[in-house]
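Visitor: Dropping the structure in here first, questions after.
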Amino acid sequence: MSRRWIYVALTAALATAASIWAVPRLDEPGWFAYVGQGGAGDGPPLPSLSPDLFLYPVSAQVVLLAVGVGLLVQIYSTAYLGHHPRYRSYALIIILFLVGMIAVVGTTNLWVLLVGWEVMGLCSYLLIGHEWQTAEARAGAAKAFLVTRVADLGLLLAILVIGETYGTYDIVGAQIASSQDGVASSTAIGLLVLVAVVGKSAQFPLQTWLPDAMPGPTPITALIHAATMVAAGVYLAARLFPFYADSTVVLTAMAVVAGITMLMGALFALVQTDLKRALAWSTVSQLAFMFAAIAAGDPEAGTDHLISHGVFKALLFLGCGCLMHAVGSSALAAMGGLRRSMPATFWTMSIGFAALAGVIPTVGFFTKDSVLHAIEQSAGEDGGLATGTTYVLLGVALVTSFVTAAYATRLWLRAFFGPVPDGRQEHHGHEAPRAMIGPLVVLAVATFALSIGQPFHLGIGVVGTVIAAGGIAVVVWSWRGGSTLEWTTRPLTAELGLDRPFTSWAPAFARGVSRTVVDLDRDGVDVYPRAGAGVAGLTSRALELVQTRNVQRYATVIAVGVLVLVVAAVIWT
Amino acid sequence: MIVTALAVPFVIGLLLMVGRARVSGPVAAAIGAAAMTVSLLLYALVWEGRDVVSGEVDTSWIEPLGARLHLGVTAVSWPFLLMTAFIGVLCCLWLVARDTAPALVGLVLVISASSLGVFSSLDLLLFFVFFELALIPMWFVIAWFGTGDGTRRAATRFLLFTVAGSALVLVGIVVIGLDGGLQVDETVTGSLAAAVLVCLGFAVKTPIVPLHTWLPDAHSTAPTVGSVLLAAVFLKLGTYGLILFAPLMDRFADVAPYLAIAGVVGIVWSGFACYGQDDLKRLVAYSSIGHMGFVVLAISTRSDVGLAAAVFGSVAHGLITGLLFFTAGSLKDRFGTASMAAIGRGLYGRTPWLAVTFVLAAVASLGLPGLAGFWGELLSLRAAYEIGDVLTKPVAWTALALALVGVALTTAYFVRAIRLVAQGEPVEQDADRDLDRREAVVLGALVVAVLVLGLWPAPILDLFEPFTVVAGVAR
Amino acid sequence: MNIPIDWSLVAPAVIVMVGALVALLVDAFYPRRTWLGSGLPSTGALVVAGVLAHVHRDDIGRLSFALVAIILVGSLFVVVASNIMNFETAMPPGEFHFLLMSAAAGAVLMVVARDLVTLVISLELLSLPSIALVGLRQGDKVAIRSAWTFFLASVVSTAITLMGISLLYGVTGSLDYVEIREALASPEVPQSVVAVAVVLTLVGLLFKLGAVPFHVWIPDTYVGTSVMVAGFLSAVSKAAALGALLILVNVAFPYAYGTWQPLLAVVAAVTMTIGNIGALRQSDAIGLLAWSSIAQAGFLIAPSVALLTTEGLTAPVQYLAVYALANLVAFAALSVVLRLRGSTRIDELKGMVRTDPWMGIPLVFAALTLAGFPPAVIGLVTKYVVIRPVVDSDHVWLAVVMGVNVMLGLAYYLRLVVTLCDQPDGEPYVSPSPPVSVRIAKTTVLLGTAGLIALSAWPDLLLRHLP
């Protein structure tokens, strides 16, 4: 037992150090302001990993979110996974992950950022595959790693283009250069960044890896696949926003991606039969919300929602972990009626669902409100998104918040109120241990505490509240009407078949081509040496046949040779 | 100093071969490791800075041909030298085992020493002599100490391919020698024939698709140290040759586009080939072709960034592929085969440390940032993006795109390999044994090296920045 | 027709010839199958001839002197190493030394010849004793058959050469090299007749060199005869033919280069390729060396595309020196092997480096020298030397063919080398105590190897001092 707490202590030490560093930065003015100095040379230097750490207020918030959730998850895991034979590697990878996350958020050196970015991806891969003896975990891990890594090539190229454009690989230096010499290559940089964040944050069309990552341990899902790593995509998009803010192409593309993803994720979440998978789709949808804010030209709203979502989604996943701990499954059908047996989990998760649905006064409401406000505000502005796009986006966002409220209510009802399934005795659902409840309470408190000081936008706030209330009401009404809320709409439950390119087409293509290549390599490319050897061997045998010791034949060879040489010589001359 | 650094492993290697009956295997290996360590230290100490030729030795040799015994260490060759000596030390340490033949240690020393000679030569003919010197010992390593069927055939294929390539290089050297002399720091040629011949010759050695078919057989049948030396050191003779010769040839520009495209086609080709492999050693062998493709792409830009990329990529590949082959060798020692199907799943559970090392090596090889493999690939991509002096934009950017596809493929096949070997429901086998101390030392040293170069690439990159004249080779 | 005799030129050949006669006489009165019999005067004559040649080297000219030196050293090597045959009753020592020395005299004469008559006479002086040497072993049907083959092929080629010479005489009215050159310089000579004449004249020399398509006699002859005689043919006889070719073309035919340059280039390329390919499937070491010597002839001829430059003249001679020494070492070592083991099959040689390092290592080193592969640096350097003039005269294609042939050659030399180094199959038979004659032969092998190693360490030794 005590050995487990070593890792908690390590995480706590890391968290403390990060907090000491980050907290004083929280109150500094400015949002990614241009500070510091970096000279722009003739061309970018060779890359280096100099620890150019610098925190902005927003970065400080994200760092605190990461280490906070990380610490809570580490504590939670002592109970949740403490008896797992591979607990040690699990706990160490979490710490490594946090280091990577701090590197991404805290640096101004793009290469350090990239290293942190990929280290996070690797940790995600390893942790999804923590239960590597199961096929789903292996498949999910491989898929997550491949999809995100391919998308990361976008970031790699984006960094190269930034370096070539501004002559430095320092974000601050590049910002200074762009303020002096003007922004350039914004469309290229923006699109490449978009590719990277679409992969990392599981946006359309690369969204499918995130739901498949759910075989990972639930605390990991809470930390990496809800609160921090996937949100790092949003952070990055916001961080590099100045480099592509003037490109309508990029912003429109981002808006389209966000619009499609948010509605699709919400609809998929609505029909899931598995709580964890439903929450995963909800994460996808919420991340799209944040991108919508960035596309609307207000990255600050996006990062605010990032923080709030990080808190309440971590809460939800950890709560989900408690439920799984109790009933041994994440299927909604196995739950139901857990309200009485698990009161602490019930109350904390209820707060989480409320925040997800956007109920006042949880932080979820305020930040969602800010996002909607940001989209509305950008409608009339010059530059950025076209007005039409903005309105479509706003409409989609409102529909999404309706669906979001609906599925949040549905999940809440089915998990805690529904009938107790047949196979499970009432006493089986027991409350989780204190080490697991504690983090839930902390996060629940944070869900309210973070609301303090949040802005409130009257017009859109009222609209949003009404829509959310409508969503909740529809579900509750249908529940009261006796519905089991098991909605199985075929194309939606099959997730529109969007997974197929990744699970069957791409692997089949790779297998087919590789088989061809292997065959060609053996039978095709290898022909010339083998043919050469064959010709040499045959010639050699032919030469042996000439050596008959038959003098007449020799004389003939000589005579013919002379004749050929003479004729050739005469022709040449 | 350089002469001593070369002579020590040579002489000790020859003595071990002659006196193979008088020493036991482990003792021979320990002596060999000591000799290579001496060499490594001497090469480390000889360094005088990147603007001069360090430890230069220049005496007359064959005056009528203008060939001189001209040795020295430059900013380009120094990383190669240190990597080679380091790998040599590890190969000897690896052989500190009961069943080692002392002759094998001797051969390893001679091979390492000749490779060091190649990297130290500043005279083209001397370069070529060292280049050829290592080949026949390598034949013996593969044919005598290799495992599986057809070791002789694989060894002979390796040798004949390589010699065919190097014969072309020899003709190229003759052309260069006639045009500008044989001294690397003076000569230059405007001959197209030289460029074609030299590039074609080194393309066999590097290897570049479609001249690579000797490689998988040789690598997979060779003993562990043989595979390591082949991949870590021998392929570098090819890339180093290209790096060394590229600035000497004005008409390199005419060859460069073909070189670049062939390199990236190799990346994609080898990626697909790896995806279909069952034998781990063959997989690693094919992956080497891909990594060499990045280096070739970098060289073909003939730019400063490309030079840094090529050097870094070569050195990193040496370390990482050494690690992969040592790991594959450990598996082969245990299970008698490197077939992933035969090794079985779930190594994480069966031999955790070995599995973790393998995963780390695989992740390093697929170019994860923060590990050594990344910087070389990244700089290659950057060199292609910046196009350089000799390529055109369509060629360079097509190459860039193909290289990116290759990166994705590399990830795919290594993830597949990890899935097949490391993960999965463990099925215990009798041969399951985790790393012993000897293996742990060798693998640990390489892991540390990969991590250090990954997190702190400055020691090598600083040799090339700021981009000014680097004495000797890089002009 | 007045052919002046320059005694300073002819003296070495005459001494060698005298040595031949003395050897015959000594054998008649003192028939001993030991070193002290007819071998001693032969050795002495060769040494004296060498000294004389050295004294008159300025008259002979650097190039011819180098060739004479190679021929004399090669003959000396053969004479000493031939002691291995002392035990053979079928081999009459007096006749053997007489024929050998006569042939050597012919060889020396060939490279100092400056007119076509001397050339033909010396060619015959070389050929006829050589043929007799091949068939000398009494009662050996194979040897006699080989001699017969050799003889007929030789006759055909000599006839062709004579035809060429007569044509040349008809065109130019002279048999003197210098006069021929001057005659050919005039634009009035009929070009195609000159072309035919030049080709036909060269045929005899190419035949002696064993160039394709005049190579067919070589494998039969080498395999059929005594090993050291084969060594003599491959080293001394080729040296003489190459020397004569170089001097003839350089002095007499410079204006006909349009004819001989492409001819020699193609012949060289085909010769080295055919020779190497022929060697691929040989299972007998002698047969392998026979084909390899055909291939080497290609390398010897190739630089003559640049014959009109200094380098085109010196490069083949330097290559020749190394080739002759390596080949003689190999043949001598094989003669020892044949004596001790009764066979020169490659399988028989397995593991010789381990069981008999003093013969195995020289064989390996000789093979590597012929292949041009380090650690036999001199082999590599001389390959470089012969490629240089080829490239310099813009025959890059030929240089590439040479490069490819280096690879082809390695294919079979490698087989020889690795068989020698391999693990032996059981303990091979070795005669209990080798007689003195074997030891002498072994000594020559070791001396020759020492020479090759010394040259590998200091290639300058050869490259600076030969021509």
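Here, each number is a calculation from the coordinates, and none is a lab measurement. Treat the numbers as computed from the prediction; the structure is a model and nothing was measured. All Cβ positions, even for glycine, are placed from backbone atoms using ideal geometry, and neighbour counts span all protein chains on display.
Visitor: When the gyration tensor of chain C is built from Cα positions, what are the square roots of 5 times its three eigenvalues, in whole Å, from largest to smallest?
Guide: For chain C, the ellipsoid semi-axes come out as 34, 26, 19 Å.
Visitor: Only Lys, Arg, Asp and Glu count, each charged at its Cβ (+1, +1, -1, -1), so figure out the dipole size of the protein assembly as shown about its Cα centre, rounded to 20 debye.
Guide: The dipole of the protein assembly as shown has a size of about 3720 debye.
Visitor: Another question, then. Which is the longest run of chain B containing none of the GluC sites (Glu not before Pro) found in DSSP loop states (not H, G, I, E, B) with at most 14 other C-beta atoms within 10 Å?
Guide: The longest uninterrupted stretch comes out as B:187-427.
Visitor: Please determine, in degrees from 0 to 90 and to the nearest 10, the orientation of helix A:387-416 with respect to the longest principal axis defined by the Cα atoms of chain A, where the helix direction is its Cα long axis.
Guide: So the helix axis and the longest Cα principal axis differ by about 70 degrees.
Visitor: Scan chain A and report its longest stretch carrying no GluC sites (Glu not before Pro) that are both in a DSSP loop and have at most 13 other Cβ atoms within 10 Å.
Guide: Longest stretch, sites excluded: A:1-380.
Visitor: Using modelled backbone amide H atoms (1.01 Å from N, in-plane), which distant-in-sequence or interchain residues come within less than 5 Å of B:SER339's amide H?
Guide: B:LEU280
Visitor: How far apart, in nanometres, would the label points at C:THR89 and B:ASP254 be if each is projected 7 angstrom from Cα along the Cα-to-Cβ direction?
Guide: Those two pseudo-labels are separated by 7.1 nm.
Visitor: Using the alpha carbon gyration tensor of segment B:285-441, what are the three equivalent-ellipsoid semi-axes (square root of 5 times each eigenvalue), largest first, in whole Å?
Guide: For segment B:285-441, the ellipsoid semi-axes come out as 35, 15, 11 Å.
Visitor: Now for a different question. On a 0 to 90° scale, report how tilted helix C:62-81 is relative to the longest principal axis of chain C, with both axes built from alpha carbons and the result rounded to the nearest 10.
Guide: 30
Visitor: Is the C-alpha gyration tensor of segment A:526-572 telling us rounded, prolate or oblate? Criteria: a/c under 1.5 is rounded; beyond that, a/b larger than b/c is prolate, otherwise oblate.
Guide: Cα axes put segment A:526-572 in the oblate bin.
Visitor: Please state the shape class of segment B:23-143: rounded when a/c is under 1.5, otherwise prolate if a/b exceeds b/c and oblate if not, all from the C-alpha gyration tensor.
Guide: oblate
Visitor: What area, in nm² and to one decimal, does the C-alpha convex hull of segment A:311-419 cast on average over all directions?
Guide: Computed as one quarter of the Cα hull surface, the answer is 7.6 nm².
Visitor: Also: Sorting B:THR410, B:THR206, C:THR419 on the 10 Å Cβ count, fewest up front, what's the list?
Guide: C:THR419, B:THR410, B:THR206
Visitor: Continuing with the same structure: I'd like the FRET efficiency for A:ALA559 and C:VAL117, computed as 1/(1 + (r/R0)^6) with the beta carbon distance as r and R0 of 25 Å, rounded to 0.05.
Guide: Once the sixth-power term is evaluated, E becomes 0.50.
Visitor: Let me ask you something else. Please compute the length gained on full extension between A:GLU544 and A:THR187, using 0.36 nm multiplied by the number of residues separating them and subtracting their Cα-Cα distance.
Guide: Gain in length upon complete extension: 121.4 nm.
Visitor: Using the 10 angstrom Cβ neighbour count as an exposure proxy, how do A:ASP274, B:ASP51, A:ASP152 rank, fewest first?
Guide: Going from least to most buried by this count: B:ASP51, A:ASP274, A:ASP152.
Visitor: How many partner chain Cβ atoms sit within 10 Å of a residue's Cβ in peptide C:377-388, on average, as a whole number?
Guide: 5
Visitor: In terms of Cα to Cα distance under 27 Å, which lysines are near enough to A:LYS313, apart from those fewer than 8 places away along the same chain?
Guide: The qualifying lysines are A:LYS143, A:LYS200, A:LYS276, A:LYS368.
Visitor: Put +1 on the Cβ of each Lys and Arg and -1 on the Cβ of each Asp and Glu in chain A; which of A:ALA13, A:LEU157, A:PHE291 then has its Cα farthest toward the positive end of the dipole?
Guide: Sorting the options by dipole projection puts first A:ALA13.
Visitor: Another question, if that's okay. Tabulate in residue order the Karplus-calculated ³J(HN,Hα) for segment B:388-397, using 6.51 cos²θ - 1.76 cosθ + 1.60 with θ = phi - 60°, rounded to whole Hz; enter x for Gly and Pro.
Guide: The phi angles translate into x, 7, 9, 8, 9, 4, x, 5, 4, 7 Hz.
Visitor: Would you mind checking the tilt of helix A:458-480 against the longest principal axis of the Cα atoms of chain A, expressed as 0 to 90 degrees and rounded to 10?
Guide: With both axes taken from Cα atoms, the answer is about 90 degrees.
Visitor: What lysines sit close enough to C:LYS383 to cross-link, taking a C-alpha to C-alpha distance under 29 Å and skipping anything fewer than 8 places away on the same chain?
Guide: Output for C:LYS383: B:LYS205, B:LYS236, C:LYS208, C:LYS238, C:LYS350, C:LYS442.
Visitor: Okay, next question. Would you please classify the overall shape of segment B:2-461 from the alpha carbon gyration tensor, given that a ≥ b ≥ c denote the square roots of the eigenvalues, rounded means a/c under 1.5, and beyond that prolate means a/b larger than b/c while oblate covers the rest?
Guide: oblate
Visitor: Just to verify a number: FRET efficiency for C:THR309 and A:ASP519, C-beta to C-beta distance, R0 = 56 Å, to 0.05?
Guide: 0.60
Visitor: Which of C:MET359, C:MET101 comes first, and how do the rest follow, when ranked by fewest Cβ neighbours within 10 Å?
Guide: C:MET359, C:MET101
Visitor: Across bins of 20 angstrom width beginning at 0, how are the C-alpha pair distances of chain A distributed, in whole percent?
Guide: Calculated over all Cα pairs of chain A, the distribution is 20, 49, 17, 6, 6, 2 percent.
Visitor: Restricting to DSSP H runs of at least four residues, report the calculated mean residue ellipticity at 222 nm for chain B, -39500 (n - 2.57) per run over all residues, nearest 500 deg cm²/dmol.
Guide: -22500 deg cm²/dmol
Visitor: Which order do the peptides B:228-237, B:74-83 take when ranked by the mean count of other beta-carbon atoms within 10 Å per residue, highest first?
Guide: Order by mean packing, descending: B:228-237, B:74-83.
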